[in-house]
């Protein structure tokens, strides 16, 4: 059983193997990039603007072709855009443009393409997001349209759900609704990958982090592993403390990200983690890759 | 699961297109048909205004060719923008199904219009015959009508390719490329004819057509043989098919 599960796990995953990509072969956006994503996880892909997050997601979805290397999604090449692959991967782009039809017509025409689409689930998500019924999609606000698409994507029950900056355009209550519905939609067979530069939007949602910067992956670990290695704390002073990787002044002194030599528990603060990785990439690399 | 073609998925794509563009397509068809009807209508007596009604039939042909080509150049419009293009590419259907669905809907639109034009031309000239005896003799000869249909579908095929080839201003760029190619072909043909006839100024020629020889008081045509004309027609059909195939390859390789 263990072997069977491990084999299945190996097969049902997204595998990016030594992929290089750029809009021109002279200037690569990322080079020799490798990453494996396993089912049952919500991954957060973080990076600064222009780091290549969207391009990486589009490569995984088969919308762009890598210059070199190989991408496999459940053993299939995304670039072939086979119907069976597309039935198992739903992609929500950053900018959306939905057709001028009602939500009912949208379900009627698009849902039959997805064999595992669940209309009850879809309507529940719409209710959760407080989307009014019976309106033409084009008459909804941008945020509402995005919520319709997110609801639809979740209700397709595809094995892979890739979302590029899904919280852009959502108001504050919608962001917490978003976290709630996405967390509830995860199951052991599903990979959810969310890219964002607004790291706080993914708080309490993701269980693994991938940080992309300067054409490389700086960090790719689960929150559990991160909290084993790093401690998120508040210190009165940071002087002479060589454990500190990143600090910023706060009311009580300094909020810091530091090496967790004492193996103490702390809650991972995504924003501070991101800043720590950006400001101290070499030390982070040494800390995480020496294991 | 068949990864190349499934009738079920193909039908779903057709339904999706009807839902998204059905109203726009029906409106375009209605407007073009109405304009064609006004221009060719036997109820309006253009001869009283000093015009030959057949001239308006020719103008109606140009009108539908122009309007249909505009329509055709929008076939792959959604793939030009990243927002719509991503959704179009990510629909779970094969690339062949997506291509054939777009082609079929475009051909239905174009064929319906050109058929309507042919029908109106014959019916309306027959109706005008009562008041203008002899006008029925001006009905386009079958070979001329065939030529018009060939040109019509050739232009549609060029626009079909242009719509997936060019990301922005597809119609203008396609028209520029098309007319540039026509001019280049005309010049090459002229150079060929002039070199063949030792630059005889009395001989003019149009590509894929007869040679026109003008004397002092005479003019005669040198026609290709029937078999050569048949070959030209076959070539044109293959040319249209190859334009469709190139469009398919472009769609397959589309990156967004």
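In a fully extended conformation the segment linking residue A:120 and residue A:38 would gain 26.8 nm over its present Cα-Cα distance, using 0.36 nm per residue. Applying 0.36 nm per residue to the separation of residue B:31 and residue B:51 and subtracting their alpha-carbon distance, the gain on full extension is 4.8 nm. Each peptide in A:91-104, B:156-169 receives the mean, over its residues, of other Cβ atoms within 10 Å, and ordering these scores from highest gives B:156-169, A:91-104. Counts of other chain beta carbons within 10 angstrom of each beta carbon in peptide A:81-92 average 5. Peptide A:112-123 has a mean shielding of 2, counted as Cβ atoms of other protein chains within 10 Å of each residue's Cβ.
Here residue A:282 and residue A:224 are evaluated by their C-beta separation; at R0 = 25 Å the FRET efficiency comes out at 0.60. Relative contact order, whole percent, for chain B stands at 21, derived from Cα pairs under 8 Å and 6 or more residues apart. Mind pulling the angle between the C-alpha long axis of helix A:270-279 and the longest principal axis of chain A? Nearest 10 degrees, somewhere in 0 to 90. Helix A:270-279 sits roughly 60 degrees off the main axis of chain A. Take chain A, connect every pair of alpha-carbon atoms lying under 10 Å apart with a spring to form a Gaussian network, then pick out the residue of A:40, A:62, A:50 with the largest mean-square fluctuation. For chain A, modelled as a Gaussian network with Cα springs under 10 Å, the answer is A:50. Using only the alpha-carbon atoms, how far is helix A:172-185 inclined from the longest principal axis of chain A? Give it as 0 to 90 degrees, nearest 10. Tilt relative to chain A: about 80 degrees. Considering only alpha-carbon pairs that sit under 8 angstrom and 6 or more positions apart, the relative contact order computed for chain A is 20 percent.
Calculated mean residue ellipticity at 222 nm for the protein assembly as shown: -16500 deg cm²/dmol, from DSSP H runs with n ≥ 4 weighted as -39500 (n - 2.57), summed, divided by the residue count and rounded to 500.
Between residue A:25 and residue B:167, the FRET efficiency from the beta-carbon distance, with R0 = 30 Å, is close to 0.90.
Between residue B:232 and residue A:248, the modelled label-to-label distance comes to 7.5 nm, taking each label 7 Å out from Cα in the direction of the beta carbon.
Peptide A:51-64 is shielded by partner chain Cβ atoms: per residue, an average of 2 of them sit within 10 Å of its Cβ.
The label-point distance for residue B:187 and residue B:137, in a model that sets each label 7 Å from Cα toward Cβ, rounds to 4.3 nm. Could you tell me which of rounded, prolate or oblate describes segment A:2-214, using a ≥ b ≥ c as the square roots of the eigenvalues of the alpha-carbon gyration tensor, with rounded for a/c under 1.5 and, failing that, prolate when a/b is larger than b/c and oblate otherwise? It comes out prolate by the Cα gyration axes. Each label point was placed 7 Å from the Cα along the Cα-to-Cβ direction; for residue B:2 and residue B:130 their separation is 5.2 nm. Any chance you could give the angle, 0 to 90 degrees and rounded to 10, that helix B:226-252 forms with the longest Cα principal axis of chain B? With both axes taken from Cα atoms, the answer is about 20 degrees.
Taking a ≥ b ≥ c as the square roots of the eigenvalues of the Cα gyration tensor, segment B:7-252 is classed as oblate, since a/c reaches at least 1.5 and a/b does not exceed b/c.
Where a number appears in this text, it was derived from the coordinates with a stated rule and is not lab data. Keep in mind that this is a model prediction, so the values were computed, not measured. Neighbour counts are summed over all protein chains in view; Cβ atoms, including those assigned to glycine, are modelled from backbone coordinates with ideal geometry.
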